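I have placed the structure first, in the form of structure tokens, so that the comments after it can refer back to it.
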Amino acid sequence: MQARLAPEEIDKLIRALARRGYAVLGPTVRDGAVVYDEIEGAKDLPRGWTDEQEAGRYRLKPGPAGALFGYTVGPQSWKKYLHPAQVKLFEADRQDGLFRILGSPAPPARPYAFLGVRACELAAIAVQDRVFLADRFRDPVYGARRTPVFLVAVQCTQAAATCFCASMGTGPEVRGAADLTLTEIVNGEGHWFLAEAGGERGQEVLAELDRQPATEEELRRARTAVESAAAQQVRRMETAGIRDLLYQNFEHPRWDQVAARCLTCANCTMVCPTCFCTTVEDASDVTGDHAERWRRWDSCFTLTFSYIHGGSVRSSSKARYRQWLTHKLASWIDQFGSSGCVGCGRCITWCPVGIDLTEEVQAIRGTVNHGNTDA
Amino acid sequence: MNSERKKKPRVAVFKFASCDGCQLSLLDAEDELLAVAGAVEIAYFPEASRAMLKGPYDIALVEGSITTHQDAERIQQVRRQAKTLVTIGACATAGGIQALRNWKDVTEFIRVVYPSPQFISTLKLSTPIAEHVPVDFELRGCPINHYQLIELIAATLAGRKPNIPAYSVCLECKRQGNVCVPVAHGTPCLGPVTQAGCGAICPAYDRGCYGCYGPMESPNTASLTSQFRILGQSDQEISRAFRSFNAWAWQFRKASEECERA
């Protein structure tokens, strides 16, 4: 059952979650972007802000007055909480000639509640669930953070120019499992939310808020608003046969062209909500009596990533870009049963030189279609 | 305990043309300094101690670039006395800010700056240590990061590989959750072509990277130059951006010269 909420209820929602012991994490404005951080109340949300995005460009600008979720997606994703950028896996001391391990990483003191999870981000969390939890190798760091998380999804009612979730089948309407799903409507006539609980936990929290049953007209307007976010999308990824397309085009000349632009700086992999690669660093201190093992986000764009005896396997930037794109869109399907891309567009916006993966795929597909294969 | 080991490794610190900032980083490592002093024998470090013991040394930390005939000879002696030679900082690794003179006529500078130019004897170029002797490890930065120096010393003592990555500043910057300054603000930033190590200090304070750590492992300066033009930078401004502390590092040098010609 969908309920209508006044905008003031969002503040109560945040406090209700905090009362339950959650660290409430949500969107806030910092350094000219919407980032995710701990929020205490609706006052911390990016009220009245929206974003303008293009390949290699992001700007905040005033949006619909009073809107709390009037932006699309910022540079960060929930990955920073579920799969932290740096984790100390253990530390060890030399004691009486023995090497003693002093514990493994503790889960966060409070479980997380995410406020403002977009449809593409729910899809990204589902992708990382398959990577970290689905197999017999479960990642305890991810699992400890992921299992108790409370998800408040907010459907998009507008799209950035870099969004292409509609073509990836991941949004803009929320299809994944969330504890609560909100839709924000702001127009000349008013400002209100639709809320729907996705389970018992969500229902309990929703029951604490002032709400009224939504009318048919309100449901229709919310649906239309979400549909318009799909209609606004100017970029799309043609996914039909994409696995074979990329497998059959390892030597396509387009890889050389994109390599001429690629900085191998790794920004795309850092901002990607599904990229999960890490490196493990062992360090000892000067005395040699204390050692630590750290896990940090790594990237297939670094040379050490593919370093084996004798050197790096992927020394050219062409090989590294091709590896990233082919894994994300093709071999990911073989490995995890779905695409590794959710269409959020972060890799397009936050590439310092604006490389656009939808354009790269299109270029490969375009010439192939004019050629002799039917891939 | 380490102190009970039979012989402590002997460390020496040598200075060439430089500002002393990098060797100061070692003294600046207050929390670790006593541990370092306990683990090694500081055999030669004129800035820290009057005791100046003769070589050979296990580890020689070399700061500064080669700018005089005397220094070109002295670095050969240092190399002969050092089992492991580590250069510290942009001067020793790339020629430093003083390598800006490599594009100019140094004799003219001498004439203009010094009242008695006949007493000045200098080389035409400021060059990195590796152009003169084999170098075992180059620690980047202007100045170096003292955590990296301590890590390098700890790794050398333990006989392991130091955790000093050669990838871009962007990895450090994004891991910290900084907002990308070129994308979000249009600020030119050398981060994508610069080696990590500083902790992305400038972007954390809303400024573009100045490239203090020199070229990263696979810098695409041509692509970044095109992007700087899109951000409204003139060729002269781009050339100057590449010509700072690591101006003479060949990738930055090439990038700055291409802008000058453009």
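The values are calculated or read from the model by the stated rules, or taken from the named source; none is laboratory data. The shown structure was predicted, so the numbers you read here are calculated from the model rather than taken from an experiment. Backbone-built Cβ (ideal geometry, glycine too); neighbour counts: all protein chains shown.
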Test for residue A:245: is it surrounded by 14 or more Cβ atoms within 10 Å (Cβ to Cβ) and in contact with a strand residue (DSSP E or B) (Cβ under 7 Å, 6 or more places away or on another chain): no
Of those in region B:180-197 that are surrounded by fewer than 24 Cβ atoms within 10 Å (Cβ to Cβ) and assigned to a loop (DSSP other than H, G, I, E, B), the residue farthest from the other protein chains (Cβ to nearest Cβ) is B:197
Quick count over region A:22-46, residues being part of a strand (DSSP E or B), within 9 Å of chain B (Cβ to nearest Cβ) and touching a residue at least 12 places away in the same chain (Cβ under 8 Å), is 4
Those residues of region A:135-189 that are more than 14 Å from residue A:222 (Cα to Cα), touching a Phe, Trp or Tyr at 6+ places or on another chain (Cβ under 7 Å) and hydrophobic (A, V, I, L, M, F, W, C) come to a total of 4
When every residue in region B:91-112 that is touching a strand residue (DSSP E or B) at 6+ places or on another chain (Cβ under 9 Å) and part of a helix (DSSP H, G or I) is compared, the one farthest from residue B:17 (Cα to Cα) is B:102
Of the candidates B:47, B:73, the one satisfying the condition of being loosely packed, with under 15 Cβ neighbours inside 10 Å, of a type in the set (Asp, Glu) and at pLDDT 95 or above is B:73
Just to be sure, is residue A:302 closer than 30 Å to residue B:168 by Cβ, away from chain B (no Cβ under 14 Å), of a type in the set (Ser, Thr, Tyr) and buried (at least 18 other Cβ atoms within 10 Å of the Cβ)? no
The one condition residue B:151 fails out of (1) touching a His at 6+ places or on another chain (Cβ under 8 Å); (2) within 14 Å of chain A (Cβ to nearest Cβ) is (1)
For residue A:106, the lone unmet condition from (1) over 19 Å from residue A:36 (Cα atoms); (2) more than 14 Å from chain B (Cβ to nearest Cβ); (3) touching a residue at least 12 places away in the same chain (Cβ under 8 Å) is (3)
The condition from (1) in a strand (DSSP E or B); (2) of a type outside the set (Phe, Trp, Tyr); (3) out of contact with any Asp or Glu (no Cβ under 8 Å at 6 or more places or on another chain) that residue B:11 misses is numbered (3)
Flagged in region B:154-179 as crowded, with 23+ Cβ neighbours inside 10 Å, among the β-branched types (Val, Ile, Thr) and more than 7 Å from chain A (Cβ to nearest Cβ), in numbering order, are B:169
Restricting attention to region A:112-152, the residues that are surrounded by 20 or more Cβ atoms within 10 Å (Cβ to Cβ) and under 13 Å from the mean Cα position of the chain (by Cα) number exactly 13
Of (1) facing chain B (nearest Cβ under 8 Å); (2) surrounded by fewer than 24 Cβ atoms within 10 Å (Cβ to Cβ); (3) modelled with pLDDT of 95 or more, residue A:318 fails just (1)
By my count, helices (runs of 4 or more DSSP H) wholly in region A:61-176 with at least 1 residues that are closer than 26 Å to residue A:44 by Cα and assigned by TED's automatic domain parsing to the domain that holds residue A:21 are A:79-82, A:119-132, A:140-146
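Table: residues versus (1) more than 8 Å from chain A (Cβ to nearest Cβ); (2) farther than 23 Å from residue B:256 by Cα.
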residue	(1), (2)
B:206	no, yes
B:221	yes, no
B:224	no, no
B:234	yes, no
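Yes/no matrix, rows are residues, columns are (1) out of contact with any helix residue (DSSP H, G or I) (no Cβ under 9 Å at 6 or more places or on another chain); (2) in a helix (DSSP H, G or I):
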residue	(1), (2)
B:219	no, no
B:224	no, yes
B:232	yes, no
B:238	no, yes
B:260	no, yes
Residue hits (region A:246-270; closer than 22 Å to residue A:132 by Cα and more than 7 Å from chain B (Cβ to nearest Cβ)) are A:268, A:269
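One line per residue, one yes/no per condition, for (1) more than 11 Å from every other protein chain (Cβ to nearest Cβ); (2) under 28 Å from residue A:135 (Cα atoms); (3) of a type in the set (D, E, K, R):
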residue: A:306; (1), (2), (3): yes, yes, no
residue: A:312; (1), (2), (3): no, no, no
residue: A:332; (1), (2), (3): yes, yes, no
residue: A:338; (1), (2), (3): yes, yes, no
residue: A:344; (1), (2), (3): yes, yes, no
residue: A:352; (1), (2), (3): no, no, no
residue: A:356; (1), (2), (3): yes, no, yes
Of the residues in region A:276-299, those that are part of a loop (DSSP other than H, G, I, E, B) and within 11 Å of chain B (Cβ to nearest Cβ) come to A:285, A:286, A:287, A:288, A:289, A:298, A:299
Of the residues in region B:52-70 that are in contact with a strand residue (DSSP E or B) (Cβ under 6 Å, 6 or more places away or on another chain) and among the polar types (S, T, N, Q), the one that is surrounded by the fewest Cβ atoms within 10 Å (Cβ to Cβ) is B:67
